[in-house]
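The values are calculated or read from the model by the stated rules, or taken from the named source; none is laboratory data. Treat the numbers as computed from the prediction; the structure is a model and nothing was measured. Methodologically, a virtual Cβ is constructed for each residue, glycine included, from the backbone with ideal geometry; neighbour enumeration extends over all protein chains shown.
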There are 2 protein chains.
Amino acid sequence: MTMVDDIATMRAFNRFYTRIIGLLEEGMHNSPYALSEARVVHEIGKRNATTASELCEALAMDRGQMSRLVWRLSDLGLLASLPGADKRSNNLALTPQGDTIYRDLNAASDADAENLLTPLDPLSRLDLVAAMRRIEAILAGPVPGGTLTLRPPCIGEIGQLIARQGLLYHLEQGWNHEFELLITRIYAEFDAAPDPATKGLWIADYAGELAGSIFVLPAPDEDRTAQLRMLYVEPAFRGLGIGKTLVAEVVRFSRAAGYRRVILWTQDCLASARRIYQATGFELVEEEKHHSFGADLNGQYWALNLQ
Amino acid sequence: MTMVDDIATMRAFNRFYTRIIGLLEEGMHNSPYALSEARVVHEIGKRNATTASELCEALAMDRGQMSRLVWRLSDLGLLASLPGADKRSNNLALTPQGDTIYRDLNAASDADAENLLTPLDPLSRLDLVAAMRRIEAILAGPVPGGTLTLRPPCIGEIGQLIARQGLLYHLEQGWNHEFELLITRIYAEFDAAPDPATKGLWIADYAGELAGSIFVLPAPDEDRTAQLRMLYVEPAFRGLGIGKTLVAEVVRFSRAAGYRRVILWTQDCLASARRIYQATGFELVEEEKHHSFGADLNGQYWALNLQ
DNA sequence: ACGCTATTGTTGAGACAGTCAACTTTTTAG
DNA sequence: CTAAAAAGTTGACTGTCTCAACAATAGCGT
C-alpha cells in the first residue's frame with residue numbers, strides 16, 4: 001500500500017468512527033446532563049481530584065467554557081471546590097451526589113459500548129478490542145513507564161510471531177516469502193523438540209502489547225548445547241532493552257537447564273541483534289556467505305560458553 | 001478477556017480517538033469554512049450530486065441545520081441546486097468554485113492524516129491501517145456487494161492463517177495450543193512439498209479482507225491423489241458461499257493438475273465444512289475416534305474421485 | 001524585595017451547532 | 001380522492017466553542 005492509500009484508509013476510518021462516537025454520545029442525551037458536563041464529571045471521577053486547567057488539558061476544552069461548566073456543576077451540587085495550596089486554582093472533587101451521577105453515567109456508557117459488542121461473534125470481538133489497543137499503542141507511542149514481562153505464548157501468538165517477523169524482515173531487509181516459510185518450519189521444529197524441560201519460548205509483553213520474542217531448544221548434533229533462535233523486537237518497542245532482556249532470559253534458562261553452551265545463527269545485516277549478542281558475551285565462531293530469501297547474506301554463527 | 005475488560009478497552013479507545021479526531025478537525029479551522037460546511041462540501045463532492053435529505057442521513061445532521069447550511073453555501077457560490085424530478089427537493093451539486101474548495105479541503109485533510117502517518121515506522125503504519133480496516137469491517141459488517149477473489153498469500157499471511165485458525169478453533173471448539181502447533185507443522189509441510197505445479201494455497205479475499213483460505217498438496221503414500229487441507233472461513237464472512245468457492249477451486253486445480261482423487265481429513269464437529277464437502281461430492285471413507293488438542297474428537301476421512 | 005513573565009481562572013461578546021416544533025409543498029399509498 | 005408520509009423552510013431557543021480582555025497569584029532571576 002502506498003502512502004496515498006493509507007491516507008485514504010485513515011480518512012475513511014475517521015469518518016466512519018466519527019459516526020460511531022456520535023452514536024455513542026447520543027445515549028448521553030437521555031440523561032439530564034449535557035455532553036460536556038458529563039465529560040467533566042467523568043474526568044474528575046476518574047482522577048478523584050483535579051484543577052480546572054488539568055481538565056482543560058485532558059478534555060481539550062477552552063478555559064472559559066470550563067469555568068462556566070464548573071460553576072454550573074457546582075450549582076447543581078455535583079462538584080465541590082476546595083481551595084488548594086495554589087491560591088489561583090481550586091481543587092475540584094465530586095460531592096457524594098456527583099459521585100452517584102458519575103457512576104450512573106459510567107453505567108450508561110458501559111451499556112452503550114456493550115450494545116456494540118454483544119452482536120459480535122467472539123473472534124470478532126477479540127479482533128475489535130485488539131485492533132483498538134493496537135491503534136492506541138501506535139498513535140500514542142509506547143507507554144513510558146510500562147512494565148515488561150516475559151511469558152509463554154497465548155493461543156494465536158505463534159502464528160502472530162510468524163506473521164510479524166515475515167512482514168518485518170520483508171520491510172526492513174527486503175527478504176521474500178521464503179523467509180516466512182522458513183520460520184514456519186523453525187517454529188514447527190520448536191514444537192517437535194521432545195523434552196519440554198530443555199526448551200522454552202518467551203513473549204516479551206510490554207504494557208500488555210506483544211513487543212518481541214525469543215526461543216531456545218537443544219541444538220542438533222551437539223551435546224549439552226542450546227540453540228537460541230528467532231530473537232525479535234517490534235520496531236515500535238525498540239530502545240527499551242527488550243532484546244537484551246530476552247537474550248538474558250535464554251542464557252539464564254540454558255544455564256539452569258544444564259546446558260554448557262549456547263549457539264545461534266544470525267545475519268550480519270541484523271546489527272542491533274549482533275550488538276546484543278556481543279554485549280551478552282557471545283563470540284563470533286564462523287561466517288558464511290549465502291543466498292537466501294532473495295538476498296545475498298552473510299550468515300554468522302555465534303556461541304557462548306556457560307563455563 | 002471478559003466483557004467488562006472489552007467494554008473498558010472500547011471506552012478508553014473512544015476517548016482516545018475522540019481526541020485524535022478533534023486534532024484532525026482543528027486543521028479545518030484554518031480554512032474560512034466552518035466544520036459542518038466543510039463536511040457538507042465534502043459529502044456532495046464525493047457523491048457528485050445529492051439531495052439535502054441524503055446529506056442529513058449521511059452526516060447525521062438535523063434537517064433544519066442542513067437547510068440553513070445549504071443556503072449559506074449557495075450564497076457563497078459553492079453550491080448550485082437544480083430542481084429535480086421530485087419537486088419537493090433540489091439536486092445539489094458543487095459549482096466550479098465549490099469543486100475547487102472541495103479539492104482544497106481534501107488536500108488539507110490529506111495533509112493532516114499524513115502528519116499522523118509519517119512519523120511511524122513502516123510496520124506500524126501497516127498495522128495502523130490494517131487495524132482501522134478491521135474495526136470498520138467488524139462494526140459495519142461485511143459489505144453486501146463485495147467481490148470475492150481467490151489469490152496466493154501475501155507476506156505475513158501464512159502466519160496470520162495459523163494465528164486465526166488457532167484462535168478460531170480454540171474459541172469455537174475449545175481446542176488448546178497443541179492445535180496451533182499442529183497447523184504450524186502442516187503449513188511447514190505445505191512449504192516442504194517439492195513440486196510447485198502439484199500444490200496450491202488460496203486466500204479468499206472478500207472486499208479486501210482476508211475471509212478464509214484453503215490449500216492442496218500431493219497426498220503422502222498415494223499416487224495421483226491430492227490432499228485438501230486447512231479449509232477455513234472467518235466467522236464474520238460465513239454464509240457468503242466462500243467455503244464452497246474455496247473447495248471448488250481446489251477440485252478444479254486438482255483435476256487440471258492431473259490428480260485422480262482428492263482426499264481430506266476433518267472432524268465431525270465441524271458441521272458446516274462437512275456440508276460443503278458433501279455438496280461438492282466427497283464421500284465419507286472412514287471414521288476414527290481420537291483425543292487431540294485437549295478434546296475427544298471423531299476424525300473423518302473423505303474422498304472425491306475425479307473420474 | 002523587586003519587577004517581569006507565566007499560569008490560573010473569570011467574564012463578555014459573538015459565531016456556530018444542534019434540537020424542537022410548526023408549517024408548506026409535493027409524493028405516495030390505500 | 002383523501003390521508004399519511006416525506007422534503008424542505010423557518011423561528012425560537014439552548015448549548016458549544018472561540019476570542020479577547022482582565023484580575024489574581026506564582027515563580028524566577030537579579
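Could you identify the single residue in B:211, B:256, B:219 that is free of Cβ contacts under 8 Å to residues at least 40 places away in the same chain and among the aliphatic types (A, V, I, L, M)?
Numbers: B:211 fails: free of Cβ contacts under 8 Å to residues at least 40 places away in the same chain; B:219 fails: free of Cβ contacts under 8 Å to residues at least 40 places away in the same chain.
The conditions single out B:256.
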Checklist entry - From the set of residues in region B:202-258 that are among the basic types (Lys, Arg) and outside any helix (DSSP H, G or I), which is modelled with the highest pLDDT? => result B:229
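Within region A:131-153, work out how many residues are among the aliphatic types (A, V, I, L, M), within 24 Å of residue A:20 (Cβ to Cβ) and either at pLDDT below 95 or touching a strand residue (DSSP E or B) at 6+ places or on another chain (Cβ under 8 Å) (or both).
Our first condition is that a residue be among the aliphatic types (A, V, I, L, M); within region A:131-153, this holds for A:131-132, A:135, A:137-140, A:143, A:148, A:150.
Of the ones still in play, those that are also within 24 Å of residue A:20 (Cβ to Cβ) are A:131-132, A:135, A:137-140.
From what's left, either at pLDDT below 95 or touching a strand residue (DSSP E or B) at 6+ places or on another chain (Cβ under 8 Å) (or both): A:137-140.
Going through region A:131-153 one residue at a time, the tally reaches 4.
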Checklist entry - Can you name the number of the only condition in (1) away from DNA strand D (no atom under 14 Å from the Cβ); (2) without any contact (Cβ under 8 Å) to a residue 40 or more places away in the chain; (3) exposed (fewer than 12 other Cβ atoms within 10 Å of the Cβ); (4) not hydroxyl-bearing (Ser, Thr, Tyr) that residue A:79 fails? => result (3)
Item to check | Candidate set: region A:1-41, residues that are assigned to a loop (DSSP other than H, G, I, E, B) and without any contact (Cβ under 8 Å) to a residue 40 or more places away in the chain; chosen: the one farthest from the other protein chains (Cβ to nearest Cβ) | outcome: A:32
Checklist outcome for this item: Counting only residues in region A:42-75 that are without any contact (Cβ under 8 Å) to a residue 12 or more places away in the chain and more than 35 Å from the chain's Cα centre (by Cα), the one farthest from DNA strand C (Cβ to nearest atom) is identified as A:75
Checklist entry - Taking residue B:109, is it crowded, with 19+ Cβ neighbours inside 10 Å, at pLDDT below 90 and in contact with a Leu (Cβ under 8 Å, 6 or more places away or on another chain)? => result yes
Checklist entry - Given A:226, A:257, which one is of a type in the set (Gly, Ala, Ser), touching a helix residue (DSSP H, G or I) at 6+ places or on another chain (Cβ under 7 Å) and surrounded by fewer than 20 Cβ atoms within 10 Å (Cβ to Cβ)? => result A:257
Checklist entry - Which residues, counting only those in region B:46-61, are within 14 Å of another protein chain (Cβ to nearest Cβ), away from DNA strand D (no atom under 11 Å from the Cβ) and surrounded by fewer than 16 Cβ atoms within 10 Å (Cβ to Cβ)? => result B:46, B:47, B:60
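Kindly evaluate residue B:297 against the criterion of being in contact with a His (Cβ under 9 Å, 6 or more places away or on another chain), buried (at least 17 other Cβ atoms within 10 Å of the Cβ) and away from chain A (no Cβ under 14 Å). Please lay out each step first, then the result.
Details: in contact with a His (Cβ under 9 Å, 6 or more places away or on another chain): yes; buried (at least 17 other Cβ atoms within 10 Å of the Cβ): yes; away from chain A (no Cβ under 14 Å): yes.
Yes: the conditions hold for residue B:297.
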Item to check | Single unsatisfied condition, residue B:234 versus (1) charged (D, E, K, R); (2) in contact (Cβ under 8 Å) with a residue 12 or more places away in the chain; (3) away from every other protein chain (no Cβ under 14 Å) | outcome: (3)
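Out of B:88, B:68, I need the residue that is at pLDDT 90 or above, within 14 Å of DNA strand D (Cβ to nearest atom) and of a type outside the set (S, T, N, Q). Which one? Quick ask: steps written out before the conclusion?
Working: B:88 fails: at pLDDT 90 or above.
Testing whether each residue is at pLDDT 90 or above, within 14 Å of DNA strand D (Cβ to nearest atom) and of a type outside the set (S, T, N, Q) leaves just B:68.
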Item to check | From B:61, B:3, B:28, B:66, residue being touching a Cys at 6+ places or on another chain (Cβ under 8 Å) and among the aliphatic types (A, V, I, L, M) | outcome: B:66
Checklist entry - If you scan region B:1-24, which residues turn out to be out of contact with any helix residue (DSSP H, G or I) (no Cβ under 6 Å at 6 or more places or on another chain) and farther than 30 Å from residue A:123 by Cβ? => result B:22, B:23
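Quick check: is even one residue across region B:275-285 in contact (Cβ under 8 Å) with a residue 40 or more places away in the chain and more than 16 Å from residue B:225 (Cβ to Cβ)?
So in region B:275-285, the residues in contact (Cβ under 8 Å) with a residue 40 or more places away in the chain come out as B:276.
Remaining after also requiring more than 16 Å from residue B:225 (Cβ to Cβ): B:276.
Scanning region B:275-285 turns up at least one residue that is in contact (Cβ under 8 Å) with a residue 40 or more places away in the chain and more than 16 Å from residue B:225 (Cβ to Cβ).
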